[in-house]
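To keep things clear, I will list the structure first and then write my remarks on it.
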Amino acid sequence: MRPVARSAIAAGLVLLVSQSGAAEEADQGAQLASTCASCHRLDGGGTIIPSIIGLGEERLTNALLAYRASQSPNHIMHAIALSLNDEEIASVARYVAAQGK
Amino acid sequence: MKSWTRREFGRLTGAALLTALNQPKARGQAKARVVVIGGGIGGATVAKYLAATATAIEVTLVEPRQSYATCFFSNLYLAGLRPFESLSHGYEALAKQYGITVIHESAAAIHPAVKTVALNNGSKLSYDRLVVAPGIAFRDRALNGYDEAAMEIMPHAWNAGQQTRLLRQQLESMEDGGLFVLVAPPNPFRCPPAPYERASLVASYFQRRKPKAKILILDAKDSFNAQDLFQDAWNRHYPGMIEWLPAQFTGGVTAIDAKTRSVITEGATFKAAVANVIPAQMAGRLAQQAGLANQSGWCPVDPVTFESALQPGVHLVGDAIIGWDMPKSAFCANSQAKACAFAIAADLTGSARFPAHLFNTCYTYLAPDDAFSNAISFKPVDGKLKSVISFISKVEESSEVRRQAARAAEGWYDAFTHDVFG
């Protein structure tokens, strides 16, 4: 096999792998976001409990990190955030942020 | 051109949030079939999440009732703080928005060996996977004299519906100064704080309308869920109105006499003006008949997939399962249902598997403007569901914090029922 063809195949593989990586991250985000939906209406409606739609990835990430760090002001969000590792916080924040667009 | 209101637009973007998962196995094959029996919180949630995220699966929901009334928040109705209609949720959105086939029939029998469900109308449904969410049943002969006829005089009101309305009517027509007796069940039972929340909210109703009335709780246990929070609230809000007698004081409730509306313990007989008898419980009848329950009366499952330990290809969620540290609550049923739906989707369509996140969150009312909350996360450990992190409100919290929790609970009810039925 010619080197050019081989590297083209390799590049294709890399692309495939990264695409499926992104798809997998989105699926992880979707599954994690199902937990959010038990308390936060994800259609932009709802009362009293704040909406998480339209907040943006950075704000969601920072909020989850802050909730994970402290029991105050909300022990429910503290328990939820404590169960998430960094990678999970990143995927759920990215996923929920993308839905608001 | 149609102009979109913010609400309608929100609904559209929200519908997009439950996006389809990648389902590599499913390409070019006939659709896999999942049948869900039971349209309570667990069953409806499994059906919705499968239909919305595993688009390669055809979902059928079998539920005889046209609508479901939630047990959670029914204590607010009993206290005259919420109309009964506000507890009721139909299946239209599950059918129309998510394409679930909803069959309003009872399941007569299941045949796991040939993977079929027989319905009461004589028809048969084939499945690749079956989910059974039968809720609870009352144990036979748990209390002498407490039969179907006695339930119409001394209601349990532990499945929301006609029984709940009956109890409300009785409380409304009770004279001031009457004794309301609440018989609290042994563990495990549906919604551990609920009998005590019921006593609290009925007390708030009595305080407003029948200030001389008394409440007596005859418990099958010697302690109960969040006891310090309840007893603190009873002293603060309803001094002298609620008396709780543990089993060690009474010897336990042994019989019911519906004719005299009396509750009989080992040592004494208590004649009630209104009695709410909540009997000992077990997994719903269908689970018993189908061999899904073990000798405990509850259903053993795999803590990751919620597949029955007794019948392969059949999954169970909600109050009927042996949940280990997970209590029998609507929130747990909803959380288990999502994990179960994603596990079934992974098996049937090849979608990716991730560690499940299981939670319980409950808001419990001590008075109309005083509620507490708890939050627990669970993980499968050594074949069991173990609690990992647990928080609960504290006795010394300010009344403002409690007022906020009572308001948050209303927002939660709206969002949660929307997550299940909307």
Averaged across A:78-88, how many Cβ atoms of other chains sit within 10 Å of each residue's Cβ atom? 4
Under a plain spin-label model, where a point goes 7 Å from the Cα along Cα-to-Cβ, how far apart in nm are A:T47 and B:Q29? 4.6
Using a Förster distance of 30 angstrom, determine the FRET efficiency expected from the C-beta separation of A:N62 and B:V401, and round it to 0.05. 0.80
Can you return the aspartates and glutamates within cross-link range of B:K221? Criterion is Cα-Cα under 15 Å, with same-chain partners fewer than 8 residues away left out. B:E243, B:E266
Set the Förster radius R0 to 45 Å, insert the Cβ-Cβ distance between B:S173 and A:S72 as r into 1/(1 + (r/R0)^6), and round the FRET efficiency to 0.05. 0.45
Students often check this: by mean Cβ neighbours within 10 Å, which of B:200-209, B:395-404, A:83-92, B:48-57 ranks highest, and how do the rest follow? B:48-57, B:200-209, A:83-92, B:395-404
Calculated from backbone phi, Karplus (6.51, -1.76, 1.60) coupling profile of segment B:306-323 in Hz, x at Gly/Pro: 6, 7, 4, 7, 10, 9, x, x, 10, 10, 9, 9, x, 4, 6, 8, 7, x
Run down the lysines and flag those whose C-alpha is under 28 Å from the C-alpha of A:K101, throwing out any fewer than 8 positions away in its chain. B:K2, B:K48, B:K96, B:K338
Amide proton proximity set for B:A32, modelled H, under 5 Å, gap of 5+: B:E58
Quick one: grab the alpha carbon gyration tensor of segment B:191-264, order the square roots of its eigenvalues as a ≥ b ≥ c, and give me rounded if a/c is under 1.5, else prolate or oblate depending on whether a/b is larger than b/c. oblate
For the protein assembly as shown, the dipole about the Cα centre with charges only on Cβ (Lys and Arg +1, Asp and Glu -1), to the nearest 20 debye, works out at 960
By the gyration tensor of its Cα atoms, with a ≥ b ≥ c the square roots of the eigenvalues, what is the shape of segment B:141-279: rounded for a/c under 1.5, prolate for a/b over b/c, or oblate? rounded
In terms of modelled amide H atoms, which long-range or inter-chain residues lie less than 5 Å from the amide H of B:L182? B:L216, B:I217, B:L218, B:N276
To the nearest 0.05, the calculated FRET efficiency linking B:E85 and B:R139 through their beta-carbon distance, R0 being 22 Å, is 0.10
For B:K214, list the lysines whose Cα falls under 17 Å from its own Cα; do not include residues on the same chain fewer than 8 positions away. B:K271
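By its C-alpha gyration tensor, with a ≥ b ≥ c as the square roots of the eigenvalues, how is segment B:60-175 shaped: rounded for a/c under 1.5, else prolate for a/b larger than b/c, else oblate?
Oblate.
So for chain B, averaging the separation of alpha carbon pairs under 8 Å that are six or more residues apart and normalising by length, what relative contact order in percent results?
18
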According to a simple spin-label model (label point 7 Å from Cα along Cα-to-Cβ), what is the distance in nm between B:A118 and B:R208? 5.0
Just tell me how shielded B:357-370 is by partners: mean number of partner chain Cβ atoms within 10 Å of each residue's Cβ, no decimals. 2
Fully extended, how many nm does the chain gain between B:E105 and B:E243 (0.36 nm per residue separation, minus their Cα-Cα distance)? 45.4 nm
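Read the figures in this text as sums done on the coordinates, not as results from a lab. Note that the structure is a prediction, hence the values are computed from the model and not measured. Heads up, the Cβs are rebuilt from the backbone with ideal geometry, glycines too, and the neighbour counts pull from every protein chain shown.
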